[in-house]
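Worksheet for the structure shown next.
Values in this text are rule-based calculations from the coordinates and carry no lab data. Small disclaimer: the values here were computed from a predicted structure and weren't measured. Don't worry about glycine lacking a Cβ; one is built from the backbone with ideal geometry, like all the others, and counts go over all protein chains shown.
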Amino acid sequence: MPELIVEHLTKRYPGAGRAAVDDVSFTVADGEFFTLLGPSGCGKSTTLAAIAGLEAPSGGRIAAGSLVYSDGSTFLAPEERNLGMVFQSYALWPHMTVAANLELPLKLRKLPREERDRRIDDVLGQVGLSDCRSRFPHQMSGGQQQRVALARALVYSPTLLLLDEPLSNLDAQLRQQARAWLKELQRSVGITTVYVTHDQAEALTLSDRIAVLRDGKVLQLGTPEEIYERPAIPAVADFIGRCNFLPATVLSARDGSVRLRVQATGTELSVDVRDGSHRAGDEVTLGIRTERFALPGSENALPVKLTKRLYSGSWYEYELDCGGHTLFARHTARVDPGELMLGVPRDGAYVFAGGLP
Ligand SMILES: Nc1ncnc2c1ncn2[C@@H]1O[C@H](COP(=O)(O)OP(=O)(O)OP(=O)(O)O)[C@@H](O)[C@H]1O
Ligand SMILES: [Mg+2]
């Protein structure tokens with residue numbers, strides 16, 4: 001499959017104020033698992049619908065290699081794009097058996113009977129449902145139905161698989177299993193996939209690369225590690241995982257490290273940085289993830305008052321007051337409320353240009 005190219009995609013619904021998708025660009029490589037991640041209403045489904053040809057873009061260009069799906073002058077119908085698509089609701093035909101559900105797209109494509117049978121067998125094997133051929137959807141679990149929906153999207157060998165929150169109907173445990181299974185299936189089929197989710201854990205575990213969307217725009221695009229370890233802006237740090245933010249002033253900056261003063265407490269801290277753009281006197285925002293604090297800490301530490309402790313099984317959730325700012329920390333150690341020092345790991349904090357988000 002050639003790469004999928006989305007360039008300056010814009011979609012403005014009639015009568016709507018701002019664009020639902022606003023100048024979005026990305027390229028998905030052959031065999032890649034690419035995820036659009038973002039909160040409700042950020043434009044994920046609209047982007048996917050534009051790729052599928054279910055929505056006509058207001059601007060931009062979408063192409064699979066040299067085949068233009070849509071641009072200013074071209075608009076290919078969905079059936080001309082050879083895509084497999086699974087929606088949040090599996091939309092299986094309730095009055096048809098699994099085999100009949102799978103046969104439908106093959107009949108539409110006028111494949112001969114033996115070829116249809118062979119493909120149905122193959123794909124049911126791939127999704128692990130060989131013995132469910134003649135069952136009806138209501139005779140299957142939610143997880144199994146979801147597999148049938150995927151099988152139906154794969155049965156006619158599409159060049160591109162588009163998945164819009166396909167696991168969101170499953171309960172938490174089934175979702176975990178389905179994630180591992182889906183990743184495995186995508187790898188073995190080797191199909192280029194665009195996946196939509198608002199679930200950051202799902203995005204991190206499944207994806208080769210992630211585009212973080214908000215208000216119709218791409219905030220950051222990168223591998224799961226890049227997005228999590230090197231968030232470009234506070235909004236990404238806070239959406240992927242949980243992050244605390246404190247206003248600070250840069251005292252000095254050199255050799256990949258900055259010394260800064262936390263405004264709320266006057267505390268001086270040192271933090272490793274990747275970019276050398278910070279200058280003494282800059283107002284910045286210090287970002288620290290909830291799970292990265294040393295609790296209690298001694299070096300490079302903030303004076304705080306521990307105000308709340310919640311037991312949550314694998315760890316404790318803490319609420320701390322830091323000079324009037326509420327911080328959240330997560331730690332396996334049990335610490336009693338009171339005054340203490342909260343360690344900030346030099347290599348586990350972020351320095352963002354500008355004031356609080
Ligand atoms: N058919 C439509 N007509 C007008 N506005 C629409 C239409 N579909 C979506 N929108 C608006 O476009 C924006 C993006 O919607 P979209 O469905 O792409 O979001 P999403 O990221 O998929 O959200 P969710 O996670 O809730 O599914 C929203 O503000 C939504 O209200
Ligand atoms: Mg959606």
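Overview of results
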{"read-out": "Region 147-179: trypsin sites (Lys or Arg not before Pro) in DSSP loop, at most 10 other beta carbons within 10 Å", "value": "none"}
{"read-out": "Sequence-separation-based contact order of the chain, relative, with Cα cut under 8 Å and 6+ spacing, percent", "value": "15"}
{"read-out": "Per DSSP, loop GluC sites (Glu not before Pro) in region 283-318 with at most 11 further Cβ within 10 Å", "value": "none"}
{"read-out": "Alpha-carbon centroids, region 61-117 and region 169-216: separation in whole Å", "value": "21"}
{"read-out": "For region 283-352, convex hull of alpha carbons as volume per residue, Å³", "value": "87"}
{"read-out": "Selected from F239, W181, S168, residue furthest toward positive end of dipole (region 151-270; charges at beta carbon)", "value": "F239"}
{"read-out": "All lysines inside 20 Å of K11 as judged from Cα atoms, apart from same-chain residues fewer than 8 positions distant", "value": "K44, K217"}
{"read-out": "Least to most buried among T10, T307 (fewest other Cβ within 10 Å first)", "value": "T307, T10"}
{"read-out": "Farthest toward positive dipole pole in region 1-54 [+1 Lys/Arg, -1 Asp/Glu at C-beta], among A16, C42, G53", "value": "A16"}
{"read-out": "Per DSSP, loop trypsin sites (Lys or Arg not before Pro) in region 1-44 with at most 13 further Cβ within 10 Å", "value": "R18"}
{"read-out": "Reachable aspartates and glutamates, given that their alpha-carbon falls under 20 Å from the alpha-carbon of K110 and they are not under 8 places away in the same chain", "value": "E79, E80, D121, D122"}
{"read-out": "Peptides ranked, highest mean first, by Cβ atoms within 10 Å: ranges 107-119, 156-168", "value": "156-168, 107-119"}
{"read-out": "Peptides ranked, highest mean first, by Cβ atoms within 10 Å: ranges 256-264, 268-276", "value": "256-264, 268-276"}
